[in-house]
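To start, the structure itself, in structure tokens.
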Amino acid sequence: MALIVQKYGGTSVGDLERIHNVAKRVAKSYDEGNDVVVVLSAMSGVTDRLIEMAHQASSKPCKREMDVLLSTGEQTTVSLMSMTLQAMGYKAESLLGFQAEIQTDNGAGKARIMRIGANRIKRLLDEKKIVVVAGFQGMDCDGNITTLGRGGSDTSAVAIAAAVNADACEIYTDVDGIYTTDPRICDKARKLERISYDEMLEMASLGAKVLQIRSVGFAKKYNVPIHVRSSFNEEEGTMVVNEDSGMEQLVVSGVTLDKNEARITVKKVPDQPGVSAKIFSPLAASGIQVDMIIQNTRSGGETDLTFTVTKTDYQEAIEITRRVAEELGGKEVLVADDIAKVSVIGVGMKNHSGVASRMFQALADENINIRLITTSEIRISCVIDERYAELAVRILHDAFSLDEL
Ligand code: ASP
Ligand code: MG
């Protein structure tokens, strides 16, 4: 007998028939003798529709009311799930975030979980009930409803699993695990049996949108193994776990693609102390995150500075950069949003050399020009022209033999 947290995403609970199918899965696990806590998202599309309606009601909906509104999507699914289970003859009870004592900070719209008083969940489990908790929501210290940011039900599930000390945290979704790369781009993509938290963190932030990135950070901190799997079949998915020595034997575990960045270059800025600070401080002050930065030293005490930002921040970043460039003496600003970032990721990089050169050579063999490069301990990223993006992914997948076990 085990204590299992099962989280089901929006497509898995997208209509009553699917809710019924999920209920059967939950019931099966319960019948096997497990204690089960179910965490649910809203039906797919619902959160988007609520956001749309809010913007129809007001051009600038206030954050507090937005959270009151958005949390209703999950309220619908947990009640329906509970009713469905009851109709099947099971004892079930739904809990909203505040009832499950999910305490967050007051960061409306992207609140952070501070504490979970798991007593009520545990009491219901002691009564042999299936507990169905609304994901994505909590309550701040003033009693306001908060939400955890898009995709936040994953984080709810992992946090609850940590709080109740669950034996397993299963995240059921519409894909059957984490792949070496996006199967829609590369038909040789292969499902990974296991991946480390750190690799997953790199993949999530680089656009492999299977898990909310914050949930992986949480899982790492509290050492909660996550099993990502499909709610539409019985197959084993991918385990997201602590790194172990077996993982390091693989040089690279995955290739990711991110088309969500754009590039800005300031030409011929003075190569002097303080210049980077002048350019990046106003960007930071406006909440714009800069991802990659590269500085080329040129002759004559001048340098070109290139960086990338997300496409959503791009226009604002251009305006700010142009203003600073003026202040620096009318320096030219070049911009491009037809770029893509391809990355190879793997904890094995720590112990294998030559990964970067293999990546660069593979791209060079196809005549793909690399415009920017960044690395971390377990990742190498190259910015290339967007038109080669998919090709680059396939080439790199081959170059690191990711289709072979
Ligand atoms: N319903 C929320 C969203 O669509 C939270 C979630 O699904 O995890 O972002
Ligand atoms: Mg999700």
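Counting heavy atoms of the protein chains only and a 1.4 Å probe, report the per residue accessible area for the chain as a whole number of Å².
46
Can you compute the modelled spin-label distance between SER353 and ASN369, with each label point 7 Å from Cα toward Cβ, in nm?
Here the modelled spin labels are 3.1 nm apart.
For region 273-354, how big is the tail of P(r) above 16 Å, as a whole percent of Cα pairs?
Counting pairs separated by more than 16 Å, the tail of P(r) holds 60 percent.
Given +1 on the Cβ of Lys and Arg, -1 on the Cβ of Asp and Glu, and no further charges, what dipole in debye does region 255-399 carry about its Cα centre, rounded to the nearest 20?
Rounded to the nearest 20 debye, it is 260 debye.
If I model a spin label at GLN272 and LYS110 as a point 7 Å from the Cα along the Cα→Cβ vector, what separation in nanometres do I get?
Between GLN272 and LYS110, the simple spin-label model gives 3.5 nm.
Given a cut-off of under 8 Å on Cα pairs at least six residues apart, what relative contact order in percent is computed for region 79-154?
34
Given the rule -39500 (n - 2.57) for each run of at least 4 DSSP H residues, summed and divided by the residues of the chain, what is its mean residue ellipticity at 222 nm, to the nearest 500 deg cm²/dmol?
Value at 222 nm, helices only: -11000 deg cm²/dmol.
Just round it to a whole percent: the fraction of Cα-Cα distances in region 255-399 exceeding 25 Å.
Roughly 34 percent, once rounded to a whole number.
Would you mind calculating the gained length between GLU316 and SER286 on full extension (0.36 nm times residue separation, minus the Cα-Cα distance), in nm to one decimal?
Here the segment from GLU316 to SER286 would lengthen by 9.9 nm.
In square nanometres, what is the average projected area of the Cα convex hull of the chain?
Average of the hull's projected areas for the chain equals 22.3 nm².
Taking Cα pairs under 8 Å and at least six residues apart, what relative contact order does region 255-399 come out at, in percent?
30
Find which of VAL39, LEU95, LEU85 sits farthest along the positive direction of the dipole of region 3-174, computed with +1 on the beta-carbon of Lys and Arg, -1 on that of Asp and Glu, about the Cα centre.
Comparing the listed Cα positions along the dipole, LEU95 ranks first.
Using a simple charge model, +1 on the beta-carbon of Lys and Arg, -1 on the beta-carbon of Asp and Glu, nothing else, what dipole does the chain show about its Cα centre, in debye to the nearest 20?
About 720 debye.
Rounded to the nearest percent, how much of the accessible area of region 236-341 (1.4 Å probe, protein heavy atoms only) is carbon and sulfur?
Its accessible area is 45 percent carbon and sulfur atoms.
At what distance in angstrom do the alpha carbon centres of region 213-272 and region 101-157 lie from each other?
First find each Cα centre; the distance between them is then 25 Å.
On a full-extension model of 0.36 nm per residue, what is the gain between THR72 and LYS191, subtracting their alpha-carbon distance, rounded to one decimal in nm?
Stretched fully, the THR72-LYS191 segment lengthens by 39.4 nm.
Distance in nm between label sites at ARG184 and GLU327, each 7 Å beyond Cα in the beta-carbon direction?
4.1
Please report the antiparallel percentage of the DSSP beta bridges confined to the chain, to the nearest 5.
Around 60 percent antiparallel, to the nearest 5.
Arrange the peptides 159-165, 31-37 so that the one whose residues have, on average, the most other Cβ atoms within 10 Å appears first.
159-165, 31-37
What FRET efficiency do you get for MET53 and LEU3 if R0 is 22 Å and r is their Cβ-Cβ distance, rounded to the nearest 0.05?
Here the calculated transfer efficiency is 0.05.
What translational diffusion coefficient, in µm²/s and rounded to a whole number, does the Stokes-Einstein relation yield for region 3-174 at 10 °C and a viscosity of 1.306 mPa s, taking the hydrodynamic radius as the Kirkwood radius over Cα pairs?
Diffusion coefficient, whole number: 101 µm²/s.
Provide Rg and Dmax in Å for region 254-300, with only Cα atoms included in the calculation.
For region 254-300, the Cα-based Rg and Dmax read 13.5, 42 Å.
Could the peptides 330-339, 382-391 be put in order, highest first, of the mean number of other beta-carbon atoms found within 10 Å of their residues?
Averaged packing, sorted descending, gives the order 382-391, 330-339.
The values are calculated or read from the model by the stated rules, or taken from the named source; none is laboratory data. Note that the structure is predicted; figures quoted are calculated from it, not measured. When we count neighbours, we look across all protein chains shown, and the Cβ atoms used for this are built from the backbone with ideal geometry, even at glycine. These area figures cover heavy atoms from the full protein model, side chains too; ligands, DNA and RNA do not enter into them. Shrake-Rupley method; radii C 1.70, N 1.55, O 1.52, S 1.80 Å.
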